[in-house]
Amino acid sequence: MALKKIPMSNDNASVVFLVFLASLVCSVTASVSYDSKAITINGQRRILISGSIHYPRSSPEVFSLILTPAMVSTATTFLQTKLTSQRCGLKLGLAGKLLVSSTINFHHPHELQVHKNIHGVCLLITLFHSLILHNRFTQFGGPVPHRPAEDMAFSVARFIQKGGSFINYYMVSCLWNIRLLRQPKWGHLKDLHRAIKLCEPALVSGDATVIPLGNYQEAHVFSYKAGGCAAFLANYHQRSFAKVSFRNMHYNLPPWSISILPDCKNTVYNTARVGAQSATIKMTPVPMHGGLSWQTYNEEPSSSGDNTFTMVGLLEQINTTRDVSDYLWYMTDVHIDPSEGFLKSGKYPVLTVLSAGHALHVFINGQLSGTAYGSLDFPKLTFSQGVSLRAGVNKISLLSIAVGLPNVGPHFETWNAGILGPVTLNGLNEGRRDLSWQKWSYKIGLHGEALSLHSISGSSSVEWAEGSLVAQKQPLSWYKTTFNAPAGNSPLALDMGSMGKGQIWINGQHVGRHWPAYKASGTCGECTYIGTYNENKCSTNCGEASQRWYHVPQSWLKPTGNLLVVFEEWGGDPNGVSLVRREVDSVCTDIYEWQPTLMNYQMQASGKVNKPLRPKAHLSCGPGQKIRSIKFASFGTPEGVCGSYNQGSCHAFHSYDAFNNLCVGQNSCSVTVAPEMFGGDPCPSVMKKLAAEAICS
């Protein structure tokens with residue numbers, strides 16, 4: 001299929017849909033086109049809601065399990081894939097390899113099916129007139145970013161009300177793991193998608209009529225071809241509730257929120273009213289008889305010899321290593337005359353090394369002298385400190401580490417890594433000595449990498465020390481141990497909090513780079529969904545490790561004898577490493593009385609009921625868990641958030657009773673948010689809500 005370029009119209013509502021397929025076996029089971037309003041499938045305009053799962057930290061065996069819960073939030077799903085292969089000039093990541101070698105075939109009506117062969121593929125699907133919602137990445141040294149569910153819902157609803165027809169969640173993050181949904185984001189967005197799909201015939205029929213409802217409020221009204229309408233009521237005020245009048249009815253709109261009315265009358269959804277439960281997660285150590293028994297092998301700081309080469313001057317790292325290894329040794333000799341003054345005064349000369357990034361360990365005569373590292377935003381670094389030199393020849397060995405490759409940004413192919421200089425010694429009799437243009441020896445990678453110590457076969461190629469000989473806080477150390485797979489299918493992780501920086505393998509499979517010694521800096525504090533979102537708005541983990549736990553795919557494990565290998569650059573304590581289960585600790589609900597729900601609307605619209613219905617609070621523990629106890633329950637004006645609720649000035653004293661009767665001992669339960677469930681109305685004429693927290697075990 002040749003590249004077809006569709007010219008862009010001057011109309012802002014136009015759609016550009018470019019599909020490039022090279023070496024692709026493609027089977028299309030639907031007629032797909034477009035117009036100025038939306039993509040049309042089999043002649044029908046559709047609202048498309050998709051999620052991109054790009055390079056997931058999951059093994060191919062569970063990829064389909066991830067896609068299933070990630071996509072159930074809409075009746076019609078669409079996969080937007082950005083895929084590059086060796087033939088495109090880039091290496092395939094985990095997601096790319098998987099997508100090339102498998103078939104994407106979601107069985108939903110009116111859906112485009114694309115079958116891929118195992119040959120090289122370049123596939124790019126780009127839609128303008130679309131909204132891509134980014135979930136921020138966590139970076140080493142940075143706090144953990146969060147985007148509130150209310151804010152994501154507000155952004156999507158606002159885009160749709162302005163005529164948008166295609167939404168893509170870039171980096172789907174509604175899953176803690178394949179068995180633990182990320183609530184309340186998953187549930188809140190699922191409800192939003194269902195509300196949007198209810199309005200779909202009106203949304204794609206034509207442009208909206210915008211009606212002002214106040215200084216900060218407006219209605220976007222879409223008409224159905226068969227008659228009637230759907231409406232989006234928006235309140236853009238960031239502090240105040242708004243009571244608006246629309247079509248002779250009154251509606252209360254929370255600050256910075258949008259209500260969806262599929263029939264221009266009944267509210268089925270508000271972006272600021274979360275009906276889905278939230279949860280707190282705990283990491284529980286897996287019992288190991290006797291704990292993990294570690295063995296160690298120490299990597300010697302490199303010296304000239306086999307597999308080294310010598311050049312005059314300093315080389316750029318990426319072009320030298322060709323991505324064979326994260327590590328490149330820079331080695332040179334420095335002669336110190338016995339007459340040097342610092343040998344008598346004890347004032348060490350200062351070694352200064354300028355590097356393009358990303359991290360650097362400095363060894364002087366085989367001993368670690370210091371470390372420096374950059375950040376994602378500022379990868380360049382400078383090492384400058386006194387070093388202990390002796391009379392005669394001194395060996396300076398600089399281990400430069402690249403923490404990944406640049407893959408995004410303007411002209412990222414020109415970005416450098418490694419020691420580019422200058423490299424100088426200050427404090428000698430001669431003053432300053434520039435080492436940049438003397439002879440340097442280079443060695444790509446580590447000795448342990450060459451021996452494949454991370455693999456099952458390679459780990460037996462050297463003699464490992466054990467017992468009391470397992471050194472702690474020793475740089476350039478390899479550690480290995482074995483463990484049996486725990487029973488059950490709970491998500492597993494490695495707690496690496498006691499280690500510094502390095503890499504992890506299980507049964508020869510690369511788990512990832514660990515760097516818990518790099519503590520997160522930034523601004524962490526109270527998070528609110530209100531107002532324009534930015535990446536620094538809602539962050540946690542300041543002062544703590546950016547990442548402490550590392551996912552262990554169950555499919556990588558054998559029943560017994562699993563090999564765990566850790567390479568530690570800085571020096572850490574392997575005895576603090578443990579295997580943990582990720583489990584739901586508690587689940588919470590926080591829901592207002594008379595809060596609109598899609599289920600209640602559909603029951604009323606079908607004629608099954610002819611009176612207003614109260615919402616229900618739903619609680620559900622993780623698979624295999626039950627609700628052990630009720631930590632908190634209050635119907636009235638409770639305050640706080642999940643994990644730290646408090647009673648307000650209004651509280652129904654029988655709030656706990658309903659949950660104790662209906663929930664304790666169950667995996668999941670539902671409680672109607674009505675005064676009679678809690679012993680009566682504790683404060684008439686006051687808007688009340690129900691907050692509860694249940695402990696799972």
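The values are calculated or read from the model by the stated rules, or taken from the named source; none is laboratory data. As the structure is a prediction and not an experimental result, all values here were calculated from the model. Cβ sites come from the backbone with ideal geometry, for glycine too, and all protein chains shown count toward neighbours. The protein model used for the area step is the full one, side chains on, heavy atoms only, and it has no ligands, DNA or RNA in it. Shrake-Rupley method; radii C 1.70, N 1.55, O 1.52, S 1.80 Å.
Listed values, structure above:
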| item | result |
| --- | --- |
| Solvent-accessible heavy-atom area per residue, rounded to whole Å², over region 281-366 at 1.4 Å | 49 |
| Heavy atoms of residue 265 accessible to a 1.4 Å probe, total area in Å² rounded to 10 | 110 |
| Peptides ranked, highest mean first, by Cβ atoms within 10 Å: ranges 225-238, 282-295 | 225-238, 282-295 |
| Largest to smallest accessible area among 364, 456 [probe 1.4 Å] | 456, 364 |
| Accessible-area value, residue 606, 1.4 Å probe, nucleic acids and ligands omitted, Å² | 70 |
| Extended-chain gain in nm, criterion 0.36 nm per residue less alpha-carbon gap, residue 603 and residue 36 | 200.6 nm |
| Using a Förster distance of 22 Å, the FRET efficiency for residue 498-residue 367 (Cβ separation, nearest 0.05) | 0.45 |
| Candidate lysines for bridging to residue 558, where Cα separation is under 20 Å - those fewer than 8 sequence places away on the same chain excluded | 480 |
| Violating pairs (Cα-Cα greater than 28 angstrom) within the set 344/395; 185/608; 347/501; 608/631; 225/265; 190/537 | 185/608; 347/501; 608/631 |
| Cleavage-rule hits, chymotrypsin sites (Phe, Trp or Tyr not before Pro), region 602-654, DSSP coil, Cβ neighbours within 10 Å at most 15 | 653 |
| List 376, 48, ordered by accessible area with a 1.4 Å probe, largest first | 376, 48 |
| Heavy-atom accessible area per residue - region 205-259, 1.4 Å, Å² | 53 |
| Given charges at beta-carbon only (K, R positive; D, E negative), |dipole| of region 550-629 in Debye | 760 |
| Two-site label geometry, residue 438 and residue 283: point separation in nm, points 7 Å out along Cα→Cβ | 4.5 |
| Exposure ranking of 247, 45, 548, 273 by accessible area [1.4 Å probe, largest first] | 247, 548, 45, 273 |
| Percent carbon-and-sulfur accessible area, region 348-456, ignoring ligands, DNA and RNA, probe 1.4 Å | 56 |
| Computed label-point distance, nm, for sites residue 455 and residue 528 using a 7 Å Cα→Cβ extension | 5.7 |
